[in-house]
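To start, the structure under review is shown below, and the notes come after it.
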Amino acid sequence: MSSYTPVPLPRVEGAAYTGTHVPLIERYLERLPFEVGDKLVSLQEGSTPLLRAPVISEMVGASVRLKLEGANPTGSFKDRGMTCAVSAAVRDGAKAVICASTGNTAASAAAYAARAGITCAVIVPEGKIAQGKMAQTLVHGARVISLQGNFDQALELVRELTDSHPIVLVNSVNNYRVEGQKTAAFEIDEALEGGVEALCIPVGNAGNITSYWRGFQEVGASPRMLGFQAAGAAPLVEGHQVERPETVASAIRIGNPVRWEDAIAAARDSRGAIRAVSDDEILAAFRLLASREGMFCEPASAASVAGLLKYGPEGAEQVVCVLTGRGLKDPETAIAHNDGRIITCPAELPAIEEAVLGDGP
Ligand code: F0G
């Protein structure tokens with residue numbers, strides 16, 4: 001007979017979830033614009049791992065951790081904001097949500113709308129969203145509008161549309177998105193007991209850097225906010241809109257961020273900065289993360305590590321890099337840019353021996 005007795009998991013009375021993974025609105029209810037008893041739309045998001053990165057730590061001479069936001073239900077940090085935005089929309093009686101997106105917001109909105117039983121439409125730049133994200137959005141049943149234009153145009157159009165139709169906009173202009181996403185800062189602050197000194201984060205539409213800074217301020221923390229844009233899509237670095245943003249990191253291919261002022265304020269008030277990293281630097285960090293740290297993120301996420309490697313930790317000893325999305329989101333880019341090899345082999349033992357043990361081509 002086994003003497004093993006499982007440790008009982010904490011349970012909140014009446015909760016719709018099981019296990020230790022408390023949905024973030026319930027975990028941080030006091031700090032979010034929801035009340036006890038509100039009906040919530042949740043996929044058990046948040047509470048993501050904070051993983052040590054020994055190789056990168058050694059390279060930069062600081063203790064570096066990775067906030068694994070790809071561990072959220074749809075594979076990106078967007079779920080933190082989306083549980084709040086969709087819960088609030090449903091509470092207010094909405095029947096439909098819409099967003100412009102480079103892919104992840106679309107996938108997240110589609111999933112939460114499906115969960116809530118409401119309609120979702122997404123407007124994405126034609127040919128510029130990664131395949132995993134498109135697959136998610138379609139399978140969740142959203143209406144996908146492929147715009148013959150870029151993300152900035154999509155966002156402008158969707159804002160005009162929602163001005164005159166009763167559809168809730170769930171881009172990060174929606175304050176519930178920022179409220180939900182700030183909880184990642186709470187988690188980091190708790191895990192490092194207030195010790196985080198620098199946060200490295202990719203910047204696209206600038207909702208996430210805004211959210212983290214709000215979250216840190218609410219708990220009295222003030223790490224330097226080090227934001228990184230792709231060099232071909234770096235309006236906040238250049239100080240003007242970029243008409244035709246281009247980067248391999250399609251998630252952050254944005255030329256006119258909606259949270260422009262907030263992002264600048266976060267960098268300034270935290271004594272941080274927003275800087276640019278090239279596509280080559282992004283891809284080098286992307287490969288390093290995968291091949292040396294065992295962490296497969298999407299290219300945009302690797303911008304945080306690329307920036308840390310390029311500019312250094314600025315005197316910070318405790319650094320967190322936010323890995324915003326999972327690598328499986330963008331298989332095309334991963335297959336096009338890696339150091340791995342595929343060896344084609346006939347089905348015979350000597351050939352297999354040579355393929356497995358030999359020096360290779
Ligand atoms: N990383 C990933 C993987 C993203 O999908 C995004 C944004 C960012 C970073 C940048 O965050 O916009 O708050 O500064 N993706 C949006 C989308 C634009 O539509 O999915 P941000």
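The values are calculated or read from the model by the stated rules, or taken from the named source; none is laboratory data. Model, not experiment: these values are computed from the prediction. Neighbour counts run over all protein chains shown; Cβ positions are idealised from the backbone, glycine included. With ligands, DNA and RNA removed, areas are computed over all heavy atoms of the protein, side chains included. Shrake-Rupley method; radii C 1.70, N 1.55, O 1.52, S 1.80 Å.
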Query raised in the report: Mind checking which residues of region 286-310 are open to solvent by less than 10 Å² (accessible area, probe 1.4 Å) and more than 13 Å from the ligand (Cβ to nearest atom)?
Result: L289, L308
Query raised in the report: So is A185 open to solvent by less than 10 Å² (accessible area, probe 1.4 Å), more than 14 Å from the ligand (Cβ to nearest atom) and either of a type in the set (G, A, S) or under 13 Å from the mean Cα position of the chain (by Cα) (or both) or not?
Result: no
Query - Residue under evaluation K39, criteria (1) surrounded by fewer than 20 Cβ atoms within 10 Å (Cβ to Cβ); (2) touching a residue at least 24 places away in the same chain (Cβ under 8 Å); (3) of a type outside the set (D, E); (4) touching a strand residue (DSSP E or B) at 6+ places or on another chain (Cβ under 9 Å), criterion not met - result: (4)
Report summary line: Taking region 113-137 and keeping only residues that are in contact (Cβ under 8 Å) with a residue 12 or more places away in the chain, part of a helix (DSSP H, G or I) and out of contact with any His (no Cβ under 6 Å at 6 or more places or on another chain), one is left with A113, R115, A116, Q131, G132, K133, M134, Q136, T137
Report task. Please state which one of C321, C345 is assigned to a loop (DSSP other than H, G, I, E, B) and surrounded by 10 or more Cβ atoms within 10 Å (Cβ to Cβ). Result -> C345
Report task. Among the residues of region 193-221, write down those that are away from the ligand (no atom under 16 Å from the Cβ) and either touching a Cys at 6+ places or on another chain (Cβ under 8 Å) or part of a loop (DSSP other than H, G, I, E, B) (or both). Result -> E193, G194, G195, V196, E197, V219, G220, A221
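Between P73, P54, P49, which is within 15 Å of the chain's Cα centre (by Cα) and away from the ligand (no atom under 16 Å from the Cβ)?
Numbers: P73 fails: away from the ligand (no atom under 16 Å from the Cβ); P54 fails: within 15 Å of the chain's Cα centre (by Cα).
Selected residue: P49, the only one of P73, P54, P49 that is within 15 Å of the chain's Cα centre (by Cα) and away from the ligand (no atom under 16 Å from the Cβ).
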Report task. Consider E190 carefully, then state whether it is open to solvent by 30 Å² or more (accessible area, probe 1.4 Å) and in a helix (DSSP H, G or I). Result -> yes
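Restricting attention to region 222-279, and to residues there that are hydroxyl-bearing (S, T, Y) and closer than 21 Å to G325 by Cα, which single residue is farthest from the ligand (Cβ to nearest atom)?
Step one: filter region 222-279 for residues hydroxyl-bearing (S, T, Y), giving 222, 247, 250, 270, 278.
Within this subset, residues satisfying the condition of being closer than 21 Å to G325 by Cα are 247, 250, 278.
On the way: T247: 11, S250: 9, S278: 17 Å.
For region 222-279, the residue satisfying everything is S278.
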Query raised in the report: Does A334 fit the bill of being open to solvent by less than 80 Å² (accessible area, probe 1.4 Å) and in contact with a Phe, Trp or Tyr (Cβ under 6 Å, 6 or more places away or on another chain)?
Result: no
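Please go through region 246-273 and give me each residue that is within 15 Å of V178 (Cβ to Cβ), open to solvent by less than 20 Å² (accessible area, probe 1.4 Å) and assigned to a helix (DSSP H, G or I), ordered by number.
In the first step, residues of region 246-273 are kept if they are within 15 Å of V178 (Cβ to Cβ); the result is 257-263, 265-266.
Cutting the leftovers down to open to solvent by less than 20 Å² (accessible area, probe 1.4 Å) gives us 257, 263, 266.
Within region 246-273, A263, A266 qualify.
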Query raised in the report: Residue check, F151 against (1) in contact (Cβ under 8 Å) with a residue 40 or more places away in the chain; (2) touching a helix residue (DSSP H, G or I) at 6+ places or on another chain (Cβ under 8 Å); (3) farther than 19 Å from K39 by Cα; (4) near the ligand (Cβ under 10 Å from one of its atoms), all met but one. Which one?
Result: (2)
Query raised in the report: Quick one: in region 201-223, which of the residues that are touching a residue at least 60 places away in the same chain (Cβ under 8 Å) and among the polar types (S, T, N, Q) is nearest to F151 (Cα to Cα)?
Result: N208
Query - Those residues of region 82-112 which are within 15 Å of the ligand (Cβ to nearest atom), in contact with a Ser or Thr (Cβ under 7 Å, 6 or more places away or on another chain) and more than 16 Å from A135 (Cβ to Cβ), in sequence order - result: M82, I98, C99, Y112
Query raised in the report: Taking the stated definitions as given, is G220 at positive phi, of a type outside the set (D, E) and surrounded by fewer than 23 Cβ atoms within 10 Å (Cβ to Cβ)?
Result: yes
**Report entry** Odd one out for K95 among (1) open to solvent by 10 Å² or more (accessible area, probe 1.4 Å); (2) under 30 Å from S291 (Cβ atoms)
**Finding:** (2)
Report summary line: I145: passes all of (1) part of a loop (DSSP other than H, G, I, E, B); (2) of a type in the set (V, I, T); (3) more than 13 Å from the ligand (Cβ to nearest atom) but (1)
Query - Residues of region 222-245 satisfying the condition of being part of a loop (DSSP other than H, G, I, E, B) and closer than 23 Å to A100 by Cβ - result: A234, H240, Q241, V242, E243, R244, P245
